[in-house]
Ligand code: ADP
Ligand code: MG
Ligand code: MG
């Protein structure tokens, strides 16, 4: 049963930057419907900056790498998603401080910390049409996977499937946090951009470990 290594972490972050670049227009279109049409631009800018920092952190532990992602996102991404994902990666880095490998329990601790960080920063609960609607079910699925004694790859696949389902379930929701909340009932019928980028983050992690 293979853990997530430092090399896997670096490969994940590079692939994530590539995926966000490829999905830049898609995420921006989702944000055009219920926000200000910049979510893809924000995420692409932030993770491009992350990839530029990767060579300098490649010999560090996983916690330090994730903390660097967090500080980079906070300083380069304008808009709500910068501080929210920044806090998520900072907390994830604190939960994995000093680690050179992550097993199933470490991954659950990392995801728990990321979700707590986003909730502390943005005050959103599930059902408010935000990234929390993808991440919260993913974290729950991770806990259940550990209970069910799944291996790491199965755990990540279940996480990713739960995030995807949560993302799709944002479509009928009315937004009560962030810019989309200004639309009131007109936010109904559109998939949340942040829930979509959250699913992409987990999907690239799952794909990185599964291949
Ligand atoms: P902005 O809305 O400032 O332009 P982005 O477009 O980059 O920032 O990000 C928008 C996404 O941020 C939303 O789709 C939503 O998922 C997420 N978001 C906004 N506010 C909150 C919040 N308070 N808690 C959690 N997520 C939020
Ligand atoms: Mg926006
Ligand atoms: Mg904006």
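Among the residues of the range 158-211, those that are over 20 Å from residue 85 (Cβ atoms), assigned to a helix (DSSP H, G or I) and within 11 Å of ligand 1 (Cβ to nearest atom) comprise 182, 187. In the set (1) in a loop (DSSP other than H, G, I, E, B); (2) touching a residue at least 40 places away in the same chain (Cβ under 8 Å), residue 37 fails one condition alone, (2). Of the residues making up the range 84-91, one or more are within 16 Å of ligand 2 (Cβ to nearest atom) and farther than 16 Å from residue 13 by Cα. From the residues in the range 154-184 that are in contact (Cβ under 8 Å) with a residue 60 or more places away in the chain and surrounded by fewer than 20 Cβ atoms within 10 Å (Cβ to Cβ), which one is farthest from residue 209 (Cα to Cα)? Filtering first and then ranking leaves 183. Within the option set 11, 24, being closer than 29 Å to residue 149 by Cα, in contact with a helix residue (DSSP H, G or I) (Cβ under 6 Å, 6 or more places away or on another chain) and at pLDDT 95 or above holds for one residue only, 11. Among the residues of the range 33-50, the ones that are over 16 Å from the mean Cα position of the chain (by Cα) and surrounded by 19 or more Cβ atoms within 10 Å (Cβ to Cβ) come to 3 in all. For the range 46-55, the condition holds for at least one residue, the condition being that it is within 15 Å of ligand 2 (Cβ to nearest atom) and modelled with pLDDT of 95 or more.
Scanning the range 1-23 for residues that are surrounded by fewer than 18 Cβ atoms within 10 Å (Cβ to Cβ) and either more than 17 Å from the chain's Cα centre (by Cα) or within 16 Å of ligand 3 (Cβ to nearest atom) (or both) turns up 1, 2, 3, 5, 7.
Residue 104 meets all of the listed conditions (1) crowded, with 17+ Cβ neighbours inside 10 Å; (2) within 22 Å of residue 6 (Cβ to Cβ); (3) under 17 Å from the mean Cα position of the chain (by Cα) but one, namely (3). For the criterion of being in a loop (DSSP other than H, G, I, E, B), at positive phi and surrounded by fewer than 24 Cβ atoms within 10 Å (Cβ to Cβ), residue 78 fails.
The values are calculated or read from the model by the stated rules, or taken from the named source; none is laboratory data. Being a predicted model, the structure only gives us computed values, none of them experimental. For neighbour counting, all protein chains shown are included, and Cβ atoms are generated from backbone atoms with ideal geometry for every residue, glycine included.
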